[in-house]
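The values are calculated or read from the model by the stated rules, or taken from the named source; none is laboratory data. The model shown is predicted, which means the values in this text are computed figures rather than measured ones. Virtual Cβ from ideal backbone geometry, glycine too; neighbours counted across all protein chains shown.
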Amino acid sequence: MLLLEGFSTALQPVYLLYALGGVFVGTAVGVLPGIGPAMTVALLMPITYALDPAAALIVFAGIYYGGMYGGSTTSILLNTPGESSSIVTALEGNKMAKAGRGAAALATAAIGSFIAGTIATVLLTFLAPVVADFAVGLGPVDYVALMVVAFLTVGALLGASVLRGLASLALGLFIGLIGIDDSTAQQRFTFDNPTLVDGVDMVLVAVGLFALGEALYVASKLRHGPVELIPVSKGKNAWLSKEDWKRSWKPWLRGTFIGFPIGTVPAGGADVSTFLSYAAERKLAKGANKAQFGKGAIEGVAGPEAANNAAAAGVLVPLLTLGIPTTATAAMMLTAFQRYQIQPGPLLFENQGALVWTLIASLYVGNLMLLVLNLPLVGLWVKILQIPRPYLYAGILVFAALGAFSVNFSPSDVGILLVVGILGYFMRRYGYPVAPMVVAMILGPMFEVQLRRSLQLSQNDPTALFSSPFALVVYVSMALIFAASWWLRRRQAAVEAAPVREQVSV
Amino acid sequence: MSSLVSESPPVATPAKRPTGEILFALVFVSVGVAGLVTAGSIPIPPSETGIGPRAFPYIVCGMLVLCGAGVVLQVLRGKVGQAEDSEDLDVTAKTDWVALAKLVGFVVLHIFLIEPAGWPVAAAVLFSGAAWSLDAKPLWKVITVSVVLALVLQYVFGGLLGVSLPPGPLLEGVAFFHG
């Protein structure tokens, strides 16, 4: 019933327009090469500054899904797949495009994303209130356990180097410490500098790391010359054939049910789920279809794309009900919410029920719009991909500077942006993942509050941190996740090595 | 087979001498050390009964020192970091420090132009400077694009979306550039 109320807000013509705008801008920015979903949300934050909370949330729902989908368009059409988040789609999608089946690859990605997104949003609708009810009973000790898991999975599991991931995490925690201590109101690491007393704004760090850092990094080794695009063939054969539908629908569903659960637990979000889905499809394919893997198998696009979108909805479960972001994109969403004084957590559904249900309703709407927009607009996305690179990266710089300036309308914030951007450049250059830093910066202060609260309740007895059954369960599952990831990592290395070998030996 | 595999696309070449990488890891160590030193001077209110405002800074800074030192050790043992990949990246190219310095310079210029000259001027300078640094040609086209882009952004953000970007002395009188 509450969802219906949400729909009645989200379906007002003005809000529908906002949703359309959000999906459109999100996809357009997400399509740009080098811009992942987290950077899309970070860069587009200023466009919502003047909107009312409901409209802003609706726009963000659109940007969130649009940014996800935009990335996969890039990896299918551009000759040089790069971003790790869409690398799995690139494996088969890029080959399909080269074989003249680009339109079919885009279509199976779009329809798969829609189906997975819709099913996952339904699951979110039913699961989130249940989790929120349960989460009301959680104490500080339980939150400490959940956040430890989130830190370790984001920091240690996701990058190529565990130590560099943890270093990035620690740096994020450190930046989170700058400013006034929540519990005692003492200044920490401000060095009596008035701009640091309020802490470093999350938007500056995120835009600096994602946008400025990436632009500087690409500029330092820019690929010169024309942009190599794979042409999208038109005509009857290009569209999904009956055979394609038959081969796609099972991977769509499997991808959904792989992606959603992985998104809900703090185990790495979209990346892990796309890989798992790809591995599953590869294993389940039979005969001639199996032989196509590595040369453009449609299952290898349909499954991971569905998993990606389902995981994106799954990530919203811990974000909305516990207030814990488990991916960099979710951290950006949380930052956006906080600007509107919306504090995600177990009480969100009670305190701001109308807003949350509007958000969830607009996820349904955004998803549908994504499908309606994307298939006819492929030509436009291709045009966007062809923007000459000097203009593209100059534009990213201007947008990053705009975003930083409009946080407080202070030029010195653009200075902080530049410092963080240079840091982001060197982190990329030397193989430090930036996502842990962003997640740590936002989770760190929350973690400290809960940790100190738990210790205060137990008169500083650290064993109390393991006293609650829920926390114990969490720690044990964390051990299991680490064991599983060790196994997965070995599998992933094997799968990633395989297609290269096949391609070369042909 | 192995001879065929070696023909696969070139991977990111790690820096020949890992000096830069070691220096960067030492940045983490020195931030951690500086933090450990200054954390001792964070005042603790007398009413505090828990672990206080210093404990978490000590943990975080200790972690920074350990991770930074760990990376230094790894690099010295030959395990260098794997540079990130991206769509527009030529992994075999040498780092273009000149372009980087120009970009950083134009951002700095932008910062100092926002208030005296107004946001649209500062943005146009940043855009044309950055595009020029990245070899966009011809120059007149770069400048035209940047002026149009700056005015459109000022109109959309300052005028339509109500983000108060200072229009600057040149455009002060034009109403639709304000919210």
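Could you list, in sequence order, the residues of segment A:439-476 that are over 30 Å from residue A:202 (Cα atoms), assigned to a helix (DSSP H, G or I) and of a type in the set (Gly, Ala, Ser)?
A:464 - this is the single residue of segment A:439-476 that is over 30 Å from residue A:202 (Cα atoms), assigned to a helix (DSSP H, G or I) and of a type in the set (Gly, Ala, Ser).
Name every residue in segment A:375-394 that is assigned to a helix (DSSP H, G or I) and within 7 Å of chain B (Cβ to nearest Cβ), in order of residue number.
Within segment A:375-394, A:389, A:390, A:391, A:393, A:394 meet the criteria.
Is at least one residue of segment A:403-412 in contact (Cβ under 8 Å) with a residue 24 or more places away in the chain and more than 30 Å from residue A:183 (Cβ to Cβ)?
yes
Specify the residue that is surrounded by the most Cβ atoms within 10 Å (Cβ to Cβ); the eligible residues are those in segment B:86-100 that are part of a helix (DSSP H, G or I) and within 7 Å of chain A (Cβ to nearest Cβ).
Ranking the candidates gives B:99 first.
Looking at B:103, B:170 in this structure, which one is part of a helix (DSSP H, G or I) and under 24 Å from the mean Cα position of the chain (by Cα)? Walk me through how you get there before you give the answer.
Details: B:170 fails: under 24 Å from the mean Cα position of the chain (by Cα).
Result of the check over B:103, B:170: B:103.
From the list A:38, A:55, A:42, A:50, exactly one residue is more than 29 Å from residue A:160 (Cα to Cα), in a helix (DSSP H, G or I) and out of contact with any strand residue (DSSP E or B) (no Cβ under 9 Å at 6 or more places or on another chain). Which is it?
A:55
Give me the pairs, please: first residue somewhere in segment A:460-482 and without any contact (Cβ under 8 Å) to a residue 60 or more places away in the chain, second residue anywhere and buried (at least 16 other Cβ atoms within 10 Å of the Cβ) and not in a helix (DSSP H, G or I), beta-carbon distance under 8 Å, and either six or more positions apart or on two chains.
Listed pairs, sorted by first residue: A:460/B:50; A:460/B:51.
Run down A:415, A:366, A:421, A:403 and say which single residue is over 17 Å from residue A:46 (Cα atoms), buried (at least 22 other Cβ atoms within 10 Å of the Cβ) and within 11 Å of another protein chain (Cβ to nearest Cβ).
A:421
Looking at segment B:143-166 only, could you name the residues that are among the aliphatic types (A, V, I, L, M), more than 23 Å from the chain's Cα centre (by Cα) and more than 7 Å from every other protein chain (Cβ to nearest Cβ)?
Those that are among the aliphatic types (A, V, I, L, M), more than 23 Å from the chain's Cα centre (by Cα) and more than 7 Å from every other protein chain (Cβ to nearest Cβ): B:143, B:147, B:148, B:151, B:152, B:156, B:160.
Only one of A:21, A:67 is modelled with pLDDT of 85 or more and buried (at least 24 other Cβ atoms within 10 Å of the Cβ); which?
Exactly one residue qualifies, and that residue is A:67.
Suppose we filter B:81, B:62, B:105 for residues that are more than 7 Å from chain A (Cβ to nearest Cβ), under 22 Å from residue A:210 (Cβ atoms) and not hydrophobic (A, V, I, L, M, F, W, C); which single one remains?
Of the residues listed, the single one that is more than 7 Å from chain A (Cβ to nearest Cβ), under 22 Å from residue A:210 (Cβ atoms) and not hydrophobic (A, V, I, L, M, F, W, C) is B:105.
Any idea which residue in segment B:108-142 is farthest from the other protein chains (Cβ to nearest Cβ), counting only those that are part of a helix (DSSP H, G or I) and charged (D, E, K, R)? Can you show your working first?
We begin by selecting, within segment B:108-142, every residue part of a helix (DSSP H, G or I); these are B:108-117, B:119-133, B:139-142.
From what's left, charged (D, E, K, R): B:115, B:141.
On the way: B:115: 6, B:141: 9 Å.
It comes out as B:141.
Looking at segment B:77-85, can you tell me whether even one residue there is among the charged types (D, E, K, R) and not in a loop (DSSP other than H, G, I, E, B)? Outline the logic, then answer.
Our first condition is that a residue be among the charged types (D, E, K, R); within segment B:77-85, this holds for B:77, B:79, B:84-85.
Now drop any that are not not in a loop (DSSP other than H, G, I, E, B), which leaves none.
There is no residue in segment B:77-85 that is among the charged types (D, E, K, R) and not in a loop (DSSP other than H, G, I, E, B).
Matching residues to (1) in contact with a Lys or Arg (Cβ under 9 Å, 6 or more places away or on another chain); (2) farther than 20 Å from residue A:425 by Cα:
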| position | (1), (2) |
| --- | --- |
| B:78 | no, yes |
| B:93 | yes, no |
| B:104 | no, no |
| B:129 | yes, no |
| B:153 | no, yes |
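Out of all the residues in segment B:35-53, which are touching a residue at least 12 places away in the same chain (Cβ under 8 Å), part of a helix (DSSP H, G or I) and surrounded by fewer than 19 Cβ atoms within 10 Å (Cβ to Cβ)?
In the first step, residues of segment B:35-53 are kept if they are touching a residue at least 12 places away in the same chain (Cβ under 8 Å); the result is B:35-36, B:39-40, B:42.
Next cut, part of a helix (DSSP H, G or I) only: B:35-36, B:39.
Selection gives B:36 alone.
Report whether or not residue A:310 is more than 13 Å from the chain's Cα centre (by Cα) and touching a residue at least 24 places away in the same chain (Cβ under 8 Å).
no
From A:195, A:184, A:125, A:190, which residue is under 30 Å from residue A:376 (Cα atoms) and of a type outside the set (Gly, Ala, Ser)? Let's see the steps before the verdict.
Values: A:195 fails: under 30 Å from residue A:376 (Cα atoms); A:184 fails: under 30 Å from residue A:376 (Cα atoms); A:190 fails: under 30 Å from residue A:376 (Cα atoms).
Result: A:125 is the single residue among A:195, A:184, A:125, A:190 that is under 30 Å from residue A:376 (Cα atoms) and of a type outside the set (Gly, Ala, Ser).
In segment A:191-198, is there at least one residue being part of a helix (DSSP H, G or I) and crowded, with 24+ Cβ neighbours inside 10 Å?
no
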